[in-house]
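To keep things clear, I will list the structure first and then write my remarks on it.
Since every read-out is calculated from the coordinates, none of them should be taken as a lab result. Only a predicted model underlies this, so the values are computations on that prediction, with no experimental measurement involved. Every residue, glycine as well, gets a Cβ built from its backbone with ideal geometry; the counts of neighbours run over all protein chains shown.
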């Protein structure tokens, strides 16, 4: 199983700075949330073990947040070395799809989207968002 840092590095490695791409800590948190939810819906297992929590600005992986908080709202630089061999083809496909669909949106657009979704809305601030809540919601979002 990957950890939240592996998932974050994968997304950060997709940044095309010349095209104007940037990922702030807030945006990264939302991408990781979508990856976890969709993986649970599709494969009925978590992508990473670290918990997601409901915070004021939406779903957050606290460990990941603290790692990147020094960047505040600024862009996180892409990682220099990412070992893509640790990602199974099925996982890469999922992460690529999450980035293609959700990576196009700003951090604030993703903020607004997550605030309207049951996993966030139904979890009290400061509490963990359960795998079951994520899985059940994201199953309703899959196209048959």
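The table below lists the values:
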read-out	value
Helix-only mean residue ellipticity at 222 nm for the chain, each DSSP H run of n ≥ 4 adding -39500 (n - 2.57), per residue, nearest 500	-15500 deg cm²/dmol
Centroid-to-centroid separation of region 18-81 and region 108-131 [C-alpha atoms, Å]	13
Segments 94-107, 34-47 sorted - mean Cβ within 10 Å per residue, highest first	34-47, 94-107
Taking only Cα atoms of region 4-141, radius of gyration then Dmax in Å	13.9, 40
Most mobile listed residue (125, 86, 23) in the chain, GNM with C-alpha springs under 10 Å	86
